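In what follows, a structure is listed as structure tokens, so that the remarks can point back to it.
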Amino acid sequence: MSGGLEAVVARHQDHLLLIGRLALAYLFIESALNHSTNLEGFAATFNNFQLPEPLGVPMAGLAVAVELLGGIALAAGFRVRETTVLMIVFVLVTIFVGHRFWEMEGPPRRMHVIQIKKNVAIIGGFLALLVAGGGRFAVSAWSRRP
């Protein structure tokens, strides 16, 4: 095997970036679709964040829009770096607004700590994508071709 693992990764880099983008996109698109089927129920969870009652549905709608549009942009490879920054901010807001483990005890606290760990790992994936870009199979890359 000439070149080892580095050569294999280099040869398949664009495919791996596509798979990584699709994996991250799936997470957010699926979440958006689930939340949109019960937007009022999703909005009710915003009451736990001490938001005024009328803000629940608009905030839930905004979250669904970011998840869905961000996920679609990632899948397509549209403005990957910009989308990645948006999604990192979204995930950070989710961590600090949606998973306030410091206000909890017992099983709910453990569950939210696990969610935060998952979100930190997602941010790690986004940071790698931010550095690498979307790859050759990204729509944005197609528009730069001569």
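Derivation of every value follows stated rules applied to the coordinates shown; laboratory data play no part. What you see is a predicted model; the values in this text were computed from it and never measured. Positions of Cβ are generated from backbone atoms using ideal geometry, with glycine treated the same way; all protein chains shown enter the neighbour counts.
The numbered conditions (1) of a type outside the set (S, T, N, Q); (2) assigned to a helix (DSSP H, G or I); (3) buried (at least 17 other Cβ atoms within 10 Å of the Cβ) are all true for Ala128 except (3).
A quick yes/no check of all residues on (1) surrounded by 14 or more Cβ atoms within 10 Å (Cβ to Cβ); (2) more than 19 Å from the chain's Cα centre (by Cα); (3) more than 15 Å from Ile122 (Cβ to Cβ); (4) not aliphatic (A, V, I, L, M):
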{"residue": "Pro52", "(1), (2), (3), (4)": "no, yes, yes, yes"}
{"residue": "Gly70", "(1), (2), (3), (4)": "yes, no, no, yes"}
{"residue": "Thr84", "(1), (2), (3), (4)": "yes, no, no, yes"}
{"residue": "Ile88", "(1), (2), (3), (4)": "yes, no, no, no"}
{"residue": "Ile95", "(1), (2), (3), (4)": "yes, no, no, no"}
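The single condition among (1) free of Cβ contacts under 8 Å to residues at least 40 places away in the same chain; (2) surrounded by 12 or more Cβ atoms within 10 Å (Cβ to Cβ); (3) among the aromatic types (Phe, Trp, Tyr) that Trp102 does not satisfy is (2).
Output yes when any residue across segment 99-121 is assigned to a helix (DSSP H, G or I), closer than 22 Å to Gln13 by Cβ and out of contact with any His (no Cβ under 6 Å at 6 or more places or on another chain), and no when none is. Yes, that holds for at least one residue.
Counting the residues of segment 29-41 that are of a type in the set (Val, Ile, Thr) and in contact (Cβ under 8 Å) with a residue 24 or more places away in the chain gives 1. Among the hydrophobic types (A, V, I, L, M, F, W, C), touching an Asp or Glu at 6+ places or on another chain (Cβ under 7 Å) and either touching a residue at least 40 places away in the same chain (Cβ under 8 Å) or closer than 19 Å to Gly135 by Cβ (or both) - does that describe any residue in segment 11-28? Within segment 11-28, one or more residues are among the hydrophobic types (A, V, I, L, M, F, W, C), touching an Asp or Glu at 6+ places or on another chain (Cβ under 7 Å) and either touching a residue at least 40 places away in the same chain (Cβ under 8 Å) or closer than 19 Å to Gly135 by Cβ (or both).
When Ala138 is tested against (1) under 19 Å from His15 (Cα atoms); (2) under 14 Å from the mean Cα position of the chain (by Cα), only condition (2) is not met.
In the set (1) touching a His at 6+ places or on another chain (Cβ under 6 Å); (2) under 15 Å from Phe28 (Cα atoms), the condition left unmet by Leu92 is number (1). Residue-level check: of (1) crowded, with 17+ Cβ neighbours inside 10 Å; (2) of a type in the set (A, V, I, L, M); (3) not in a helix (DSSP H, G or I), Ala60 misses just (3).
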